[in-house]
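The next block holds one structure in the form of structure tokens; read it before the comments.
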């Protein structure tokens with residue numbers, strides 16, 4: 001058996017390396033060993049096929065970090081989820097941060113398994129819904145606001161891997 005080098009510009013790298021690599025050339029690729037997916041540099045941010053690049057609205061009350069729930073306004077700009085079961089739900093922030101009144105790019109996952117910010121204890125197998133301040137909460141009786149399925153039980157607030165429900169972004 002022979003060894004064939006991966007056909008990616010930067011080979012296989014962990015998430016910390018990828019997030020710090022901001023001097024890549026347009027369309028450079030890397031295999032993300034933490035997320036098990038190929039990513040591509042689009043000139044602003046590393047992107048993949050389970051997420052979309054979005055711009056934040058630049059509101060001082062929105063502080064984006066990975067795991068936070070994202071909604072869209074009528075201009076297609078992202079803001080933190082503010083109410084349960086919102087029809088404006090777009091997905092979960094998996095890359096990028098935003099603070100103060102500065103607009104910036106974030107990567108919003110809409111499918112796949114990603115770390116999600118829970119506001120309290122959750123149980124594996126239950127569903128999760130939007131909460132407030134960009135967080136989610138678990139529920140054993142999901143309604144129309146269910147965003148996906150929890151894959152691990154946690155006993156307090158924090159990030160937990162969850163399978164996201166596929167949604168259509170407008």
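The values are calculated or read from the model by the stated rules, or taken from the named source; none is laboratory data. Keep in mind that what you see is a predicted model, and the values were worked out from it rather than measured. FYI the Cβ positions are ideal-geometry reconstructions off the backbone, even for glycines, and counts take in every protein chain you see.
Kindly indicate whether residue 69 is farther than 13 Å from residue 56 by Cβ and touching a strand residue (DSSP E or B) at 6+ places or on another chain (Cβ under 7 Å).
Judged against the criteria, residue 69 is a match.
Mind listing whichever residues of segment 36-64 are under 14 Å from residue 114 (Cα atoms), assigned to a loop (DSSP other than H, G, I, E, B) and either in contact with a helix residue (DSSP H, G or I) (Cβ under 6 Å, 6 or more places away or on another chain) or in contact (Cβ under 8 Å) with a residue 40 or more places away in the chain (or both)?
48, 50
Just for segment 102-136: of the residues that are free of Cβ contacts under 8 Å to residues at least 40 places away in the same chain and not in a loop (DSSP other than H, G, I, E, B), which one is surrounded by the most Cβ atoms within 10 Å (Cβ to Cβ)? Reasoning before the result, please.
Going through segment 102-136, the residues free of Cβ contacts under 8 Å to residues at least 40 places away in the same chain turn out to be 119-128.
Within this subset, residues satisfying the condition of being not in a loop (DSSP other than H, G, I, E, B) are 122, 127-128.
On the way: 122: 26, 127: 22, 128: 28.
Going through the qualifying residues, I end up with 128.
For residue 15, indicate whether it is under 18 Å from the mean Cα position of the chain (by Cα), buried (at least 19 other Cβ atoms within 10 Å of the Cβ) and modelled with pLDDT of 95 or more. Let's see the steps before the verdict.
Details: under 18 Å from the mean Cα position of the chain (by Cα): yes; buried (at least 19 other Cβ atoms within 10 Å of the Cβ): no; modelled with pLDDT of 95 or more: yes.
When the stated conditions are applied, residue 15 does not pass them.
Scan segment 137-153 for residues that are in a strand (DSSP E or B) and either out of contact with any strand residue (DSSP E or B) (no Cβ under 9 Å at 6 or more places or on another chain) or buried (at least 22 other Cβ atoms within 10 Å of the Cβ) (or both) and jot them down. Please lay out each step first, then the result.
The first filter runs over segment 137-153 and keeps only residues in a strand (DSSP E or B), leaving 137-139, 146-150.
If the condition is that a residue be in a strand (DSSP E or B) and either out of contact with any strand residue (DSSP E or B) (no Cβ under 9 Å at 6 or more places or on another chain) or buried (at least 22 other Cβ atoms within 10 Å of the Cβ) (or both), then 138, 147, 148, 150 are the ones that fit.
Name every residue in segment 92-101 that is buried (at least 24 other Cβ atoms within 10 Å of the Cβ) and modelled with pLDDT under 90, in order of residue number.
98
Kindly indicate whether residue 157 is surrounded by 17 or more Cβ atoms within 10 Å (Cβ to Cβ) and in contact with a strand residue (DSSP E or B) (Cβ under 9 Å, 6 or more places away or on another chain).
Working: surrounded by 17 or more Cβ atoms within 10 Å (Cβ to Cβ): no; in contact with a strand residue (DSSP E or B) (Cβ under 9 Å, 6 or more places away or on another chain): yes.
No; evaluated as a whole, the condition is false for this residue.
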